1. For residues that are surrounded by fewer than 17 Cβ atoms within 10 Å (Cβ to Cβ) and closer than 14 Å to residue 342 by Cα, tally how many sit in segment 450-474.
2. Only one residue in 148, 190, 173, 142 is of a type in the set (Phe, Trp, Tyr), in contact with a Cys (Cβ under 8 Å, 6 or more places away or on another chain) and buried (at least 20 other Cβ atoms within 10 Å of the Cβ), so which one is that?
3. Would you please name the residue that is surrounded by the fewest Cβ atoms within 10 Å (Cβ to Cβ), looking only at residues in segment 475-495 that are of a type in the set (S, T, N, Q) and assigned to a strand (DSSP E or B)?
4. Check segment 355-363 and report whether any residue there is closer than 23 Å to residue 197 by Cα and modelled with pLDDT under 95.
5. Taking segment 288-308, which residues are within 18 Å of residue 252 (Cα to Cα), of a type outside the set (Ser, Thr, Tyr) and in a helix (DSSP H, G or I)?
6. Please tell me if residue 393 is in contact (Cβ under 8 Å) with a residue 12 or more places away in the chain and outside any helix (DSSP H, G or I).
7. How many residues are surrounded by fewer than 16 Cβ atoms within 10 Å (Cβ to Cβ) and at positive phi when one looks only at segment 67-113?
8. Taking into account only those residues within segment 496-526 that are among the small types (Gly, Ala, Ser) and more than 20 Å from the chain's Cα centre (by Cα), which is modelled with the lowest pLDDT?
Amino acid sequence: MKKRVISILMAAATTVSLLAGCGSTQPADSGATQDAQKEETQSADSGDAAEATSDQPSKYQTTYGSKQFDNVTITVELFDRSNAPDGSTITDNKWTKYVNEQMNKVGINVEFVPVPRWDEVTKMQAMVASQTAPDLTLTYTYAYAEDYFNQGGTWDLSEFVDGADQALNMKKYLGTDVIDIGRKESGELYGIVAKRATTAKSNYFIRKDWLDKLGLGIPTNPDELYTALDKMVHENPDGMKGVSGAIIWNGWNLKQVFSKIANDPVKVNICGGGEDVIQDYYDPGMYDYYQYLNKLYNAGILHQEYYNLAEDDFKSEIVTGNLGFCEYSVNGNVDVLRGSLLKTLKENVSDADFVSIPQFKNVNDGNVYSAAYGAGGLIAFCPKTASEEVVEACMTYLDWMCTEEGGFVLYHGFEGEHYSMTDGVPVVKDAEYNSQDKDWIRTDIFIVGNQGYFETVEDFNKCTSKEAPGFEDYVIQNYEYALEGTLNHDASYTSPSTADLITDLNIAKDDYQVKMITCAPEEFDDMYNEYMDELKDIGIDTIIQEREEYYNK
């Protein structure tokens with residue numbers, strides 16, 4: 001019912017009258033424009049779809065500096081992690097002011113709309129349904145963005161981006177492959193996808209000091225992990241009671257260990273990549289994965305209320321020294337954005353060490369497979385409640401963000417204050433200063449790149465390792481382990497039926513994952529079979545058929 005209400009409201013949104021574009025086309029004094037014009041020939045030759053073929057200027061001018069707008073205001077979604085330092089708010093700080101200083105030069109005002117990071121999907125759906133969504137709305141779930149477009153509720157951005165003279169900085173920075181992730185087969189562009197600096201996705205982290213005290217080596221397979229966790233919980237070397245053995249915050253790599261299709265690239269794509277519910281149904285190895293977690297839970301070595309933990313609660317388990325093992329985001333133990341967890345842990349437990357470990361071999365074929373992100377990160381789209389000129393200004397904003405004056409500054413800060421250049425790479429001057437001054441907001445305000453503004457993965461690794469003083473080796477190790485073996489990337493294709501079915505499928509997934517993991521061992525088979533039947537009844541076979549046709553073709 002909720003899905004249908006959203007559909008009705010989205011259809012209503014298409015009736016909103018559109019304002020005609022206005023403003024002069026005189027370029028502002030912008031170095032970004034000059035740089036982009038130098039790249040125009042390369043961009044025109046790069047294969048961008050539906051580029052203008054005449055010498056006439058495009059209807060919309062979206063290269064930063066190519067048009068002077070007449071005091072146009074755009075609203076932009078901004079993820080809020082409730083981490084603003086004293087004296088600042090998520091919408092009023094040094095960096096939101098910098099954005100407006102730069103955008104005011106071309107007649108654009110930017111108003112930020114804060115959305116809680118971990119409620120972003122629910123909040124986005126509510127805003128879209130009520131026609132109150134920001135002019136630039138964000139999500140990591142492409143199916144939702146495509147669904148809204150299919151229903152007529154969002155703009156086709158191709159006429160603002162694809163022209164030979166349009167969005168030149170965006171084309172240069174993102175590249176055709178990334179831009180086309182948000183493009184339908186028929187050519188329409190339903191959103192602008194952010195480029196990932198690295199596709200490294202996930203790692204296992206373990207209390208190395210506890211292993212050492214117990215005389216255990218690094219576990220290399222699920223059975224050895226079970227033994228290590230059992231001893232950490234029941235024979236804790238620090239004499240702690242109530243230890244949480246493990247929390248599987250995400251199971252991306254652990255699923256690769258049990259997968260029965262990990263060695264088949266076509267089947268990996270068919271099962272959906274980042275769509276866990278599709279893999280649950282399509283990959284028979286997921287029976288073994290959930291049965292393993294059920295075993296951990298019933299032995300008391302998987303956190304007994306893992307399914308109720310907010311991320312802050314999960315982090316608290318780490319920094320208080322109560323957690324033995326987890327699977328978490330690639331650099332999660334020392335990432336400043338996630339709170340420099342190992343640093344805080346060491347402040348609380350001086351001899352503690354929480355390190356990443358190598359990926360486990362697949363139990364079926366003995367090879368190593370690592371889950372990896374696709375080339376794209378979040379996607380930004382424009383609801384039809386935005387006028388033509390506002391959409392034009394939004395694309396100009398994203399184009400500016402693809403410049404060094406834009407995204408590079410938002411992410412890295414200013415040379416001399418936040419970094420110094422070494423071998424062409426920005427190296428942090430004072431990590432603690434940066435964490436309070438800019439790092440708390442940089443990844444959320446910079447929306448055309450996930451994990452930072454970088455030209456290459458090597459640049460990303462060099463720079464990122466310098467952001468955790470004293471833990472540089474941990475960072476390098478984290479990214480090396482996360483990219484071991486064969487990389488199974490998230491697939492970007494969204495089948496036609498996914499948008500209609502994914503909400504109900506994910507509700508079933510959330511319900512049955514808890515039931516399968518927490519039930520008594522003798523009830524597991526019944527729970528698993530119920531889960532498969534529920535997904536089938538919702539219509540997941542339709543999605544599987546569509547994906548098989550697409551990838552087999």
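The values are calculated or read from the model by the stated rules, or taken from the named source; none is laboratory data. Please read these numbers as outputs of a predicted model, since none were measured by experiment. We place every Cβ from the backbone using ideal geometry, glycine too, and count neighbours over all the protein chains shown.
1. 4
2. The match here is 173.
3. By that ranking, first place goes to 486.
4. no
5. The answer is 288, 291, 293, 294, 296.
6. no
7. Count: 3.
8. For segment 496-526, the residue satisfying everything is 497.
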